[in-house]
Amino acid sequence: MLNIALPKGRLGDDVYRRFSAIGFSCAAMENEGRKLIFRDDEHDVSYLLVKPSDVAVYVERGAADIGVVGKDVLMENKPDVYELLDLGLGRCRMCVAAMNGWSEDISLPLRVATKYPNTAREYFSRQNREIDVIKLHGSIELGPVLGMSDVIVDIVETGTTLKENDLSVRSVIAESSARLIVNKSSYHFEKERIDKIVNDLKEVAL
Ligand code: PRP
């Protein structure tokens, strides 16, 4: 049985459609409910629905053989897994953003609100800029709005959240999209089967 960890939410729905297109459909998944694990005995796979930021944890520890996760999460946590495919879904950019009209005081450490402290530290250390990281778990844009932080490091997809809160992008750190990741020992033991899945997914993406 191959365990596939999918991120709950819109990205997970898009990814599930890709897996359905290569023959791994699971009718029970299409009913809205609170169930978190779905077995498809016919194809010998099961789907696990997990929090997007946790997908790589399940895959790294072998609770899932395969997972789909944003590149943003991989950059932040650097799990010890193979990254085999860019699915091209969930495209967004990791950015530094600030309030419109804000100007930087370079004599002070830059206060950075973010869900991505490692990414923020790496980026600003490459710029030789001292920072004070304020770790948040959501609604990051409130940091600068309330004057708690100077900037944010966060993902920007449509730009609507920034716009509606009077912020704008100051620099782009990296592009992100959904990646297929694989547990290292699962790949060793199931290489042929996993390679076929990867190749089939590549074809349906065309
Ligand atoms: C993410 C991100 C931004 C927003 C960007 O938040 O942290 O706030 O999406 O998307 P946009 O550019 O299309 O507006 P999410 O929706 O995950 O909620 P959160 O604030 O709880 O993290």
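The values are calculated or read from the model by the stated rules, or taken from the named source; none is laboratory data. Note that this is a predicted model, so its numbers are computed, not measured. Glycine also receives a Cβ, built like all others from the backbone with ideal geometry; neighbour counts cover every protein chain displayed.
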Report summary line: Output for Cβ contacts, cut-off 8 Å, separation at least six or different chains, first residue within 16 Å of Ser171 (Cα to Cα) in region 131-153, second of a type in the set (S, T, N, Q) and surrounded by 12 or more Cβ atoms within 10 Å (Cβ to Cβ), reads Glu141/Thr161; Glu141/Asn165; Ile152/Thr114; Val153/Thr114; Val153/Thr119
Report summary line: Screening Arg179, Arg129, Arg193 for residues that are of a type in the set (Lys, Arg) and crowded, with 20+ Cβ neighbours inside 10 Å leaves only Arg179
Report task. List the number of the failed condition for Arg17; all other conditions in (1) surrounded by fewer than 14 Cβ atoms within 10 Å (Cβ to Cβ); (2) in a loop (DSSP other than H, G, I, E, B) hold. Result -> (2)
**Report entry** region 101-125, subset touching a strand residue (DSSP E or B) at 6+ places or on another chain (Cβ under 8 Å) and either closer than 17 Å to Thr161 by Cα or of a type in the set (Asp, Glu) (or both), residue nearest to the ligand (Cβ to nearest atom)
**Finding:** Lys115
Query raised in the report: Can you tell me how many residues in region 139-188 are within 20 Å of the chain's Cα centre (by Cα), farther than 30 Å from Ile66 by Cβ and near the ligand (Cβ under 9 Å from one of its atoms)?
Result: 7
Query raised in the report: Would you say Val69 is surrounded by 13 or more Cβ atoms within 10 Å (Cβ to Cβ), within 23 Å of the chain's Cα centre (by Cα) and either assigned to a strand (DSSP E or B) or without any contact (Cβ under 8 Å) to a residue 12 or more places away in the chain (or both)?
Result: yes
Query raised in the report: Residues in region 126-135: is at least one part of a helix (DSSP H, G or I) and more than 13 Å from the ligand (Cβ to nearest atom)?
Result: yes
Requested in this report: List every residue pair whose Cβ atoms lie under 7 Å apart, where the two residues are 6 or more positions apart in sequence or sit on different chains, the first residue falls within region 91-120 and is at pLDDT 95 or above, and the second residue, located anywhere, is assigned to a helix (DSSP H, G or I) and among the small types (Gly, Ala, Ser).
Outcome: Val112/Ala120; Ala113/Gly143; Thr114/Ala120
